[in-house]
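Read the structure below first, then the notes.
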Amino acid sequence: MLNLRLETFGMKILAAFRLCLLCLFIGYLGIGCKQSSKEKVFTHSSSLRIVATTGIVGDAVKNIVLNKAEVNVLMGPGVDPHLYKASQKDLELLSKADVIFYNGLHLEGKMAEVLEKLKKQKKIVAIAEAIPVNKLIKVGENENLYDPHVWMDVSLWKYAVIECARVLQSIDTSNAAFYKQNLDNYLQALDSLDAYIETEIAKIPSIPRVLITAHDAFSYFSRRYHIEVKSLQGISTVAEFGLRDITNLVDFIVARKIKAVFMESFIPERSIRAVIEGCKAKNHEVKLGGVLFTDALGAEGTPEGTYIGMLKANVKTITDGLR
Amino acid sequence: MLISGLWIIVTSSLLAISTGLLGCLLMLRRSAMLGDAISHSVLPGIVMAYLLTGQKSSIALFVGAIILGVGVSLMIEFIQKRFSVQNDAAIGLSFTFLFAVGVILISIFAQDIDLDQDCVIYGELAYIPLDLWTTPTGLNLGPRAFWILLALAIINISFVGLAYKELQVSIFDPLFAQATGLHPQVWHYVQVVLVSLTVVAAFEVVGAILVIAFLVTPAATAYLISHRLWSFLGLSCLWGITASIGGYLLAWWSGGTIAGAIALIAGIQFLIVLIISKIAKSKA
Amino acid sequence: MWSAVIEFITFREPNIRFVVLGSIFMGISAALVGSFAYLRKQALVGDTVSHSVLPGICIAFLCIGTKNTPILLLGAFIAGWLSLLAVDWLIHQTKIKPDSANAVALSTFFGLGVFLLTIIQHTGNAAQTGLDKFIFGNAAALLKNDVWLFLGLALCTIVLVSIFFKHFALLSFDRQFAVSIGYPVKALEVLLTSLTVIAIVCGIQAMGVVLVASLLIAPAVAARFWCYNLKKMLVVACSIGALGGYVGAFISYLAPAMPSGPWIVVALFFIALASFIGAPQKGIWARFRLGQNNKRRVQEENILKYIYSAQEDGLIKEYTITPQCLAELRNNKTLEAIEPYKRLCRKNLAIQKGSAYQLTSKGIEYAKRMVKVHRLWELYLAHYLHLPPDHVHEDAESIEHIITPEIEKQLIQLLDNPSTDPHGKDIPY
């Protein structure tokens, strides 16, 4: 009797199981159908399809090809390599691309390894790796690891832009002259940007000319434009600073009478707030100078949405804060 | 696009088989959170491998991660058995400690290097169709991930196949197993090591979230409706496979991350099965 | 070095004050909620919540489009709260075990969060930078407001736990019983869960994920080794949480690049480890010592007893015998070791006479009692279990060491003041 009841119970469970399987498959079919109609929207254009990883790399490419090619950026506005998660859409872009540009120097982490392997099938270029090695800043002691934030130094970024143009000219020979022209124009703009940053930063009095941030992404900037950089911690996002780092920085700010500290958009504000409060308790008012752009561009359509605009915005924030 | 989609679903399903089998065993041993614990604990292994070799993108970091992956499982075993601490607390103590040690090591020795699991070890499901395995002669053998996960699936299936009797007895009655001379201890340690190896290897191929989700959600879904070990194991694999298909379609439709979508769908499946089994039970 | 220690102890730098007080207060609230979570076999709730908050943050961001901290925190709190309610529900309404329930909630919520992150990624909103880590703080960067917040939180937690102490205790140890005596179990669970989520979310936004998970678990596990009583355990857990915070902050002040949060975790881990090993009664060292002491006592009592019966049989005089002699008599080589005899001397139960040992009057009394108990038990076995006399010795040999004076009295009563044992020997009174 009991056995029988158990059996019917088991049957019911089995039926329930079948039912939910059915529901799921119907659901999946529904999603699938919807998708197949969407698939047709994808149009094929004859122009070059270019994919760039970060917004900054994408901006360099866009300035060379202008409207002659389709440029897709994987890490859009506000997306830095740490936040980035590859999606189905990105996979489609990557597999359909004719040429892929990325920064290199381990900025893209694991993705760079995949791109490295894909080089056998596609034209894939790490543009920052075109910069002469002796101009790069080493990290760590005895191995070939370099700080990837090269775009902070305009004169270095020019190498990357030139590399980018060189590759494009070799692939798309029909538009080579056009690309050459754009490159020259853009290099001129970069030169004047370089000079602009230099003169602007030089205007800050030299004693408090210190850029204080939470994360150390400004070593190239510091070297090129002669501004001291102090930060709570290095490049690594897993590393954490300790109590001593905070108190040391507070003492430093108080001693040098620095007027403002800055933060990067991808770091929680609180870390630099602790420094400000520490200074306040020691009777030195230091203000939050503003947010600096590091790995990601600002929103599209705004001045900060381009490389030049982003650096200019950084310079304005820094000079406004420190002057 | 269809081909790459198929590759993703197939590799994800292979993963679902490995983790589906192991997930059941973990669930029965009350250590379902082990996957998440391992994902955090590999950090000091990576850092130490980096500090020893000075290389960032190499097999050494993976070996470091594997060592720590196995190490954390053994550490949890040790704390649990030797100090008689309950399982979840032993897991929590071990992984927070190891992760903290990793962070301290990075802060002291490797401040300027991006050295977290996400950027040096953990793979991404979306890259699978791009990361092909080609012979030196240029023959394309399909995605590397497919072969790795196929090997893992074969190893895990054969483990469960070989040890089925032993597992059945030792999970439900370790003392009886010992009395009948089945060496539950040996099987147990083989299982612990196998879980760690599978989990870390899978992290390298598809990333953490998918593995963590696959280690528990399909098994939990199967647990709701099965009464025997074999149906539990089988259904667990099956739910992982359906989640792979559903998750891929969701990602395709929305353009989002595939791994996240699969984890989400696995959770939704769990919810649906839960509701249906509740209704069935209340009627019966 | 010393100046750093003095600076730290005297709170010279304002930041030291914030970090030390902040971590102590947070340690107290986390230890309180963590102890209950631990007893309910959900020690990993910290980990669950810290992963589950992600979809809440993403949805809040999708709604408002900027990184507004209070609103993101609200989203985080709601998501964390929902996940823990789901976990509670799964544990009590289905056959899913606590660890699986936590893991299912964690992976589903986190999967949804990651999925939403990629959706946000495609919106082109530039404010999203760092969204996934936005609410995760660092213990070294505690602010003055955090200290007040944590103080308030700690006070609230202490007050609520003391009001509902009996209820929470019963909920953690025997939920079924709590239901049966009519406690509003569901409401209590929601209260406890909410308290836990508030503590965790406040904790992660100020101190980071891993530290909070550890602050919840380690003090509770360690405290369990120090006492049996729940009230005492909570007090000990709070003290351990506070101590860990203090030690971690101290280490991170000694040198630069010493992260505070991870050092607190490491400090807590070692406190827990020290408790596992060194705690009185429950620690493995104490348990080992207890076993050792028992072994020694048995050895000593055996020697006393053997000497007594040798005297009784007239084999020796004045309770004096050399270890070698006794070993020969009993045909037991282990009796040759002189350490037990020395211990007897130290306890004034025997005195050394050349190479021989003689029992003192106190020793004779002790030996007499052992023989009495041994024979009483033999008699009891023979009388009540009808065992033949030659089968009772072995059993009496082991039980004699654990018979208390009360049992002894009962045995005498039960056997009606017997005078001889089953072997016909006198029972000494």
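Just one of (1) more than 7 Å from every other protein chain (Cβ to nearest Cβ); (2) free of Cβ contacts under 8 Å to residues at least 24 places away in the same chain fails for C:VAL104. It is (1).
Of the set (1) without any contact (Cβ under 8 Å) to a residue 60 or more places away in the chain; (2) buried (at least 24 other Cβ atoms within 10 Å of the Cβ); (3) under 17 Å from B:PHE214 (Cα atoms), all apply to B:THR257 but (1).
If you go through region C:57-75 and pick out every residue that is touching a residue at least 40 places away in the same chain (Cβ under 8 Å) and out of contact with any Leu (no Cβ under 8 Å at 6 or more places or on another chain), you end up with 5. The requirement of being touching a residue at least 12 places away in the same chain (Cβ under 8 Å), within 14 Å of chain B (Cβ to nearest Cβ) and within 32 Å of the chain's Cα centre (by Cα) is not satisfied by C:ALA154. If you go through region A:108-126 one residue at a time, do you hit one that is surrounded by fewer than 20 Cβ atoms within 10 Å (Cβ to Cβ), outside any loop (DSSP other than H, G, I, E, B), out of contact with any Asp or Glu (no Cβ under 6 Å at 6 or more places or on another chain) and of a type outside the set (D, E, K, R)? Yes, region A:108-126 has at least one match.
Screening the candidates B:GLN86, B:GLN111 for the property of being among the polar types (S, T, N, Q) and farther than 25 Å from C:TRP226 by Cβ yields one hit, B:GLN111. Comparison of C:TYR429, C:TYR380 shows that the only residue that is of a type in the set (Phe, Trp, Tyr) and surrounded by 15 or more Cβ atoms within 10 Å (Cβ to Cβ) is C:TYR380. From the list C:ALA218, C:ALA213, C:ALA223, the one residue that fits, being of a type in the set (Gly, Ala, Ser), more than 11 Å from chain B (Cβ to nearest Cβ) and part of a helix (DSSP H, G or I), is C:ALA223. The criterion of being assigned by TED's automatic domain parsing to the domain that holds A:ALA160 and within 21 Å of the chain's Cα centre (by Cα) holds for A:LEU190.
If you check B:SER41, B:SER12 for being closer than 23 Å to B:CYS237 by Cα and surrounded by 24 or more Cβ atoms within 10 Å (Cβ to Cβ), only one passes: B:SER12.
If you go through region B:197-225 and keep only what is more than 9 Å from every other protein chain (Cβ to nearest Cβ) and closer than 12 Å to B:GLN269 by Cβ, you end up with B:PRO218, B:ALA222. Just one of (1) among the small types (Gly, Ala, Ser); (2) at pLDDT below 90; (3) in contact with a helix residue (DSSP H, G or I) (Cβ under 8 Å, 6 or more places away or on another chain) fails for A:ALA60. It is (2). Counting only residues that are more than 30 Å from B:ILE128 (Cβ to Cβ) and either modelled with pLDDT of 90 or more or not assigned by TED's automatic domain parsing to the domain that holds A:ILE171 (or both), region A:101-146 holds 7 of them. For region A:94-121, filtering for residues that are more than 14 Å from the chain's Cα centre (by Cα) and facing chain B (nearest Cβ under 9 Å) leaves 12.
The condition of being farther than 19 Å from C:ASN15 by Cβ, of a type in the set (Asp, Glu) and in contact (Cβ under 8 Å) with a residue 60 or more places away in the chain holds for only one of A:GLU264, A:GLU200, that being A:GLU200. Looking across region B:106-142 at every residue that is touching a residue at least 24 places away in the same chain (Cβ under 8 Å) and touching a strand residue (DSSP E or B) at 6+ places or on another chain (Cβ under 7 Å), the one that is farthest from the other protein chains (Cβ to nearest Cβ) is identified as B:GLY142. Residues in region A:222-261 that are free of Cβ contacts under 8 Å to residues at least 12 places away in the same chain and either assigned to a strand (DSSP E or B) or within 13 Å of chain B (Cβ to nearest Cβ) (or both): A:SER236, A:VAL238, A:ALA239, A:GLU240, A:GLY242, A:LEU243, A:ARG244.
Within region B:213-237, the set of residues being farther than 14 Å from C:ILE96 by Cβ and more than 16 Å from the chain's Cα centre (by Cα) comprises B:HIS227, B:ARG228, B:LEU229, B:TRP230, B:SER231, B:GLY234, B:LEU235.
If you go through region A:280-323 and keep only what is more than 9 Å from chain C (Cβ to nearest Cβ), over 22 Å from the mean Cα position of the chain (by Cα) and not in a strand (DSSP E or B), you end up with A:ASN283, A:HIS284, A:GLU285, A:VAL286, A:THR319, A:ASP320, A:GLY321, A:LEU322, A:ARG323. Note on region C:240-256: residues that are within 12 Å of another protein chain (Cβ to nearest Cβ), surrounded by 20 or more Cβ atoms within 10 Å (Cβ to Cβ) and of a type in the set (Gly, Ala, Ser) amount to 5. Name every residue in region C:131-146 that is over 15 Å from A:ALA281 (Cα atoms) and either more than 7 Å from every other protein chain (Cβ to nearest Cβ) or in contact (Cβ under 8 Å) with a residue 60 or more places away in the chain (or both), in order of residue number. Correct list: C:LEU131, C:ASP132, C:PHE134, C:ILE135, C:PHE136, C:GLY137, C:ASN138, C:ALA139, C:ALA140, C:ASP146.
The residues on offer are A:ALA52, A:ALA60, and the sole one that is touching a Cys at 6+ places or on another chain (Cβ under 6 Å), under 26 Å from A:SER170 (Cα atoms) and more than 9 Å from every other protein chain (Cβ to nearest Cβ) is A:ALA60.
Conditions tested, residue by residue: (1) more than 28 Å from the chain's Cα centre (by Cα); (2) closer than 27 Å to C:GLY248 by Cβ; (3) among the small types (Gly, Ala, Ser); (4) not assigned by TED's automatic domain parsing to the domain that holds C:CYS156.
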site: C:SER3; (1), (2), (3), (4): yes, yes, yes, yes
site: C:VAL19; (1), (2), (3), (4): no, yes, no, no
site: C:GLY27; (1), (2), (3), (4): no, yes, yes, no
site: C:HIS51; (1), (2), (3), (4): no, yes, no, no
site: C:LEU106; (1), (2), (3), (4): no, yes, no, no
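Note on region B:6-105: enclosed helices (runs of 4 or more DSSP H) holding 1 or more residues that are more than 11 Å from chain C (Cβ to nearest Cβ) and touching a Pro at 6+ places or on another chain (Cβ under 8 Å) are B:59-82.
The values are calculated or read from the model by the stated rules, or taken from the named source; none is laboratory data. Values in this document were obtained by computation on a predicted structure and should not be read as measured data. All Cβ positions, even for glycine, are placed from backbone atoms using ideal geometry, and neighbour counts span all protein chains on display.
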